[in-house]
Structure formats: C-alpha cells, structure tokens
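Data first, discussion second: the structure below is written as structure tokens.
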Amino acid sequence: MRTPAAAIAVLLWCAAATAQDEKPNAQAIYIHAHYTKYDFRIPMRDGAKLFTSVYVPKDRGTPYPILMLRTPYSIEPYGIDNYPKKLGPADSFAQEGFIFAYQDVRGRYLSEGTFTEVPPHKLRLTGPRDTDESTDTYDTIDWLIKNVPDNNGKVGIWGVSYAGFFAAFSLIDSHPALAAVSPQAPMADVGNGDDIYHNGVFYLAANFGFYTSFKPRAGEPARRRPSEAFDYGTPDQYDFYLRMGPLISGNRYLQHANPFWEEALKHTRYDEYWRSRALPQYMHGVKPATLVVGGWFDAEDLGGTPKLFRAIDQNNPLAPDTLVMGPWSHGGWSRDNGDRLGYLRFGSKTGEYFRDQIELPFFVRNLKGKGDGLKSADGRMPKALVFETGANQWQRFDVWPPRSAVTRELYLDAGGKLSFERPEQAAYDEYLSDPSKPVPVTPEIGPGMPGDYMTRDQRFASQRPDVLVYQTEPLDRDISVAGPPVASLSVSTSGTDSDFVVKLIDVYPSDYPNPEPNPANIKMGGYQQLVRGEPFRGKFRNSLDKPEPFTPDQPAHVEFAMPDVLHTFRPGHRIMVQIQSSWFPMADRNPQRFEEIPFAKPEDFQKARERVYRGGPDGSRLRLTIIE
C-alpha cells in the first residue's frame, strides 16, 4: 500500500531521473514506491564481507520469502537511493511480493576476497574458516534469515548463465532455509559442453570476446567502471580470427594480459582443472525444489542444462525437480516474448508463458505455499516441461527423455542418401579440409558466434565441397526426436588429428510459405534449419583427457552425444546430416597435426583428406531416440 511519504519520495525520484534525461517506466516507479533498499556487507566465515543489496516491501509486518541472485557481473545500481528497473526474474515478481537480495560474489566489484574464474567445489574444507561458493551461499542465507526483518524463513535462488552457475552451486550442502532454486542456462560443465570447450574443441569467438572485458579486479573493491567495447578493426570477425592466427596470438590483441584467457588455453584436455569445476558430479543430497531452465537455441550453455538436470534427477529420486526447455536463445526466456527467433516462428509467446505460467508459480508455490505450482489438472508434477520445435507446442513428460522414445539409427548411404535401413555395401565419401579456408558458422558478415546462429539457413554450407551432405526422401509422417542425438562415425584422415562437426538439419519443403509480413525477404522454401550441431576433436576419441594421434588414412571410430533436442520433422520435410571438419570462428581451427593447438605455428596448419565410411556393419550413422 502506497503511503503519502512514499508518494512524495517517488515524485522526488522521478524529478531527479527526469533531470538526468532518464524516463522511469511504470515498473521502476512501482518498485520505488513499494520497496525500501538496504545495503549490507555480509561477513563470511573467513571474515571477507560480501556486498549485498536487499529490497524489502514497505508493508512491514507481513512476512515475505527472500529471493536471491548472486552474480559476478555487478549488482548495479549501487547507492542506497538508486533503484533498478526490475526486481526478480520478471516484472510480475515485484507485484507478487518478495524480499529481493542481490550479491556481488566474492572478489567482484564491492565484495571483498579473491575471485576465482569458474570456482571449483571443495570436497573437503581445511578448517572452519575455509570457504567456497557453497559456504558463501550458506553464510549469506544464514545472515539474511537472522537479520532481515519480516522474512518468512524461506529462501529461493535464481540466476542465468554465470549467475545460473552460482544458483546451481547453492544446491551443494544447502542451507535448510533454501527451499527453491532455478539454475537457468547454468555453466554446469565449462570444460565439456558449455562456454569454453566442446569435446576438446575450443569455442574461440565467444571466449576471446568475453575475455576482452571480463578480467580480474585490479585493487580493492570498487564499483564497475565504464569499459569500451573491443575494436576488432573490421565488421567481419571471420576475417579477424583468421588473421589472428594460432590461439596464443590472441594475447597481443588484449590490452592487458588476462589470466582467465591464458588459463583456458593451458588446459586443452578435460583434466582435473575442468573436472573439478563441473557441477553435476556434486548433485547429491539435493533438498530444495529445482527448476532447471534452458533454451533449445542457446549458443553458450545448452549442454549443461540437461546435464545438470539429469544429475539432480538420477541422484535425488525424491527431490522435486523439473527440466524446462523452450525455443529460446541464451537467456531469451527472461526478456523476450518468445514468439519468434531469426527465421523461425513458434505460434505463441513462449517467453511470457514461461515467466507467468512456469517460473512465477514455481517460486510462489515453494516459497509461499500458494497455488499448485507446476501441477497439471490431474495433480501430477512434470519432470520435463519442454517445447516441441517443428510442431510448436508445449509437452509435459514424467521422465526425460520420454518413456515412449525408442532408439533408431539413421545411416549414411551412397549418393548423399540418408536412411533408417542399413546399406550393405561398404564405401566412403571424402573431402579436403583446409584450415586456411574453414567452413564458416554463418554466411553473413558479422559476429563470430551470433546468439541465434542455430536459426541461420544452412544451405550455404551444403554447397561447399568440404561439407558432406546426406538427406532422406520427403517424410510421409511425423518423426519426433527427443533426447541427445549420438553421432557414431567411422572416419580417417591423412593427418594425425582432425575435427568432425556433425549437424542434424530439418529441410523444409520447396513450397513452404514465407512469413507475413516479410520485410527481410526470407525464403523459407528449402530452408535448412539447424536442429542440432556439435564438434568433436578427433584425438580425444578414446578419452577427453588422453589424446591419441590418428594413424594417417587408417579408419577409426569417433562417437559422441550431442545436446538434447525435442523436434518434430513434419511430413514433406527431409532429415539432413552435414559433416565437416571446421566451424569457424565459433570453433578454433585444428592444424590437423597432433600437437598442443594453442601453441601451433602458422606453418603447422595443413590440409587433410577426410574420409567418412558408410555402409556395412561399421558404417557411420546417427543414433536418435524417437517418440513412437
């Protein structure tokens, strides 16, 4: 309820904002009128104080749960009289009413201590003053429960991307008051499948761009300083990264040495450095209700989302956990309507649906005891609440992948054919992979890894001589794929190392209608939609920690799982598989020689003849789980 004093404060704040040419929106005005801001420096068990801003509803005497976000990206705006334009994951949370707590994690901005990039969990603490992110979360919750008035004794945590990593960390040895956690696009395994490495392949463009600005703090706690965007010197990042040369050459483009970038290049194998930072292995004894959220078109942290969910679900059979996957790019569910992305239209506002019908009810049920949360009309809780692309509809499953899904194998065949029948005749197809002319991620001039690259038409790649293409005849029925596709390849290379990129593609009929209106003049007839794609560095085919060279021109087996999908290939569409050996500059280039790639010399990069074997009992195939 707005008080006269609050109304006067809002008028003064609006006047000040107007004087600074800022126009507070209705949500910001509501927050300022109904919440009081407090800044705290919360002591951890080792004495370090973490800066935390807390927003408390003004109707004192009414108990509210605490909803918290911990982030390395700054909890601006700083200052006791400066208010944000939004509180909580979505606008509806401020009106619902929570106590909101925002914290700079250890060693970032106004928090004391030393920050560790993607901090590992400590299985054993050395003493009562030893800390990690689990203890920092525990100590923060304990302090808030005891010191913030009018809280109801329950705490929830959410976060997207890096903040999703810290949200997932809170599930380890959690505080008894922690009742609900939503890790969203969590960096669950940065060494294999999320931001940094995928099956030994370094995600170049995303990481170089990130580390141009994300650096260790210099000196004592301080507010975030304005920073200039990195100048690539060209709008064409494909050209920039090609001219940059070997990975170690990236150091000369950074204004100051960045130990985070350098550390990533030191650990090209999935060694203890990366294994200790992977969170799924620690998901034992999980007690809070969990809502693990991700996007089918997430360019950064798609792999970690289902991986984290599986670990929670398999290790904690009684824990109330749900996986939510929608047709979104990285974090798109938190800000977009979700009715479209790139070339694609989804027939409904999936982002609004998630925020209003999934996310808010989840926290309200588990923190306030109100409503039915995610229960369906028959009272059942879903294990997976996922959007089916292709058919454009939400689906609820009591297990993920669905119980009705069966394994089918899709075989590469002669003449670029793809079939569910295994061809008897063994043979091979080949192409020449040239690191000086790598296959681009998109045909357009622009970023090295666009956030919506998965919606870009793949016809440009199918026209290249260094990309193998296989496709089915037009389908006569729906084929719905659920879960992780598995690439099982028989390959050889004339070099001693090579990458293999496998892409699962939905080919639209030639008469598929264009969108209306269509200002970009998009041609959807024959559009090749990237359903899923993933690279693999061949030298890790037997172990991600122990690389082995190829014997030139000798067949070898390479098998790897791709991130999950839920996609229906409609009648009249075709299923396509593309295979290539570069995906630049999203993925770093392989010199196609067995060596430590970041330190390769320009002359080490060489052409290689790649063969993909098909047919017979050992021929290459794609293993799919299909709903029947």
Note on T389: of the conditions (1) open to solvent by less than 80 Å² (accessible area, probe 1.4 Å); (2) modelled with pLDDT of 95 or more; (3) of a type outside the set (A, V, I, L, M); (4) touching a helix residue (DSSP H, G or I) at 6+ places or on another chain (Cβ under 8 Å), unmet is (4)
Filtering segment 586-610 down to residues that are crowded, with 19+ Cβ neighbours inside 10 Å and either touching a strand residue (DSSP E or B) at 6+ places or on another chain (Cβ under 8 Å) or among the small types (G, A, S) (or both) yields M586, A587, D588, N590, Q592, I597, A600, A608, E610
Working carefully through the options F40, F51, find the one that is aromatic (F, W, Y), over 20 Å from S161 (Cβ atoms), open to solvent by 30 Å² or more (accessible area, probe 1.4 Å) and part of a strand (DSSP E or B).
F40
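Select, from Q281, Q255, the only residue that is polar (S, T, N, Q), modelled with pLDDT of 95 or more and surrounded by fewer than 16 Cβ atoms within 10 Å (Cβ to Cβ).
Details: Q255 fails: modelled with pLDDT of 95 or more.
Being polar (S, T, N, Q), modelled with pLDDT of 95 or more and surrounded by fewer than 16 Cβ atoms within 10 Å (Cβ to Cβ) holds for just one of Q281, Q255, which is Q281.
Please find, within segment 195-222, the residue that is nearest to D545 (Cα to Cα) out of those that are part of a loop (DSSP other than H, G, I, E, B), polar (S, T, N, Q) and open to solvent by less than 60 Å² (accessible area, probe 1.4 Å). Walk me through it before giving the result.
Filtering segment 195-222 down to residues part of a loop (DSSP other than H, G, I, E, B) leaves 195-196, 199-200, 212-222.
Still in the list and also polar (S, T, N, Q): 199, 212-213.
Restricting the remaining residues to those that are open to solvent by less than 60 Å² (accessible area, probe 1.4 Å) gives 199, 212.
On the way: N199: 10, T212: 28 Å.
Restricting to residues being part of a loop (DSSP other than H, G, I, E, B), polar (S, T, N, Q) and open to solvent by less than 60 Å² (accessible area, probe 1.4 Å), the top hit is N199.
For segment 92-104, indicate whether the set of residues that are over 22 Å from I42 (Cα atoms), assigned to a loop (DSSP other than H, G, I, E, B) and open to solvent by less than 10 Å² (accessible area, probe 1.4 Å) is non-empty. Before the answer, list the steps.
Within segment 92-104, the subset over 22 Å from I42 (Cα atoms) is 92-97.
Still in the list and also assigned to a loop (DSSP other than H, G, I, E, B): 97.
Next, only the ones that are open to solvent by less than 10 Å² (accessible area, probe 1.4 Å) stay: 97.
Among the residues of segment 92-104, at least one is over 22 Å from I42 (Cα atoms), assigned to a loop (DSSP other than H, G, I, E, B) and open to solvent by less than 10 Å² (accessible area, probe 1.4 Å), which makes the answer yes.
Restricting segment 529-574 to residues that are of a type in the set (F, W, Y) and more than 22 Å from G304 (Cα to Cα), which is surrounded by the most Cβ atoms within 10 Å (Cβ to Cβ)?
Going through segment 529-574, the residues of a type in the set (F, W, Y) turn out to be 536, 540, 550, 560, 569.
Filter again for more than 22 Å from G304 (Cα to Cα), leaving 550, 569.
Values: F550: 23, F569: 25.
Of everything passing the filter in segment 529-574, F569 is surrounded by the most Cβ atoms within 10 Å (Cβ to Cβ).
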Filter segment 54-83 for residues that are assigned to a loop (DSSP other than H, G, I, E, B), in contact with a helix residue (DSSP H, G or I) (Cβ under 7 Å, 6 or more places away or on another chain) and either modelled with pLDDT under 95 or open to solvent by 10 Å² or more (accessible area, probe 1.4 Å) (or both) and give the result.
K58, Y73, Y83
Filter pass, P120 being touching a Lys or Arg at 6+ places or on another chain (Cβ under 8 Å), over 29 Å from F214 (Cβ atoms) and not in a strand (DSSP E or B)
no
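Take R225 and decide whether it is in a loop (DSSP other than H, G, I, E, B) and either modelled with pLDDT of 95 or more or touching a helix residue (DSSP H, G or I) at 6+ places or on another chain (Cβ under 7 Å) (or both).
Numbers: in a loop (DSSP other than H, G, I, E, B): yes; either modelled with pLDDT of 95 or more or touching a helix residue (DSSP H, G or I) at 6+ places or on another chain (Cβ under 7 Å) (or both): no.
Considered against the rule, which asks whether it is in a loop (DSSP other than H, G, I, E, B) and either modelled with pLDDT of 95 or more or touching a helix residue (DSSP H, G or I) at 6+ places or on another chain (Cβ under 7 Å) (or both), R225 comes out as no.
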Restricting attention to segment 124-141, and to residues there that are in a loop (DSSP other than H, G, I, E, B) and in contact (Cβ under 8 Å) with a residue 60 or more places away in the chain, which single residue is surrounded by the fewest Cβ atoms within 10 Å (Cβ to Cβ)?
P128
Qualifying position, being more than 23 Å from A299 (Cβ to Cβ), open to solvent by 20 Å² or more (accessible area, probe 1.4 Å) and not in a loop (DSSP other than H, G, I, E, B), among D429, D476:
D429
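The values are calculated or read from the model by the stated rules, or taken from the named source; none is laboratory data. Note that the structure is a prediction, hence the values are computed from the model and not measured. Using ideal geometry, Cβ is built from the backbone for each residue, glycine included, and neighbour counts are taken over all protein chains shown. To get the accessible areas, we keep the full protein, side chains included, count just its heavy atoms, and leave off ligands, DNA and RNA. Shrake-Rupley method; radii C 1.70, N 1.55, O 1.52, S 1.80 Å.
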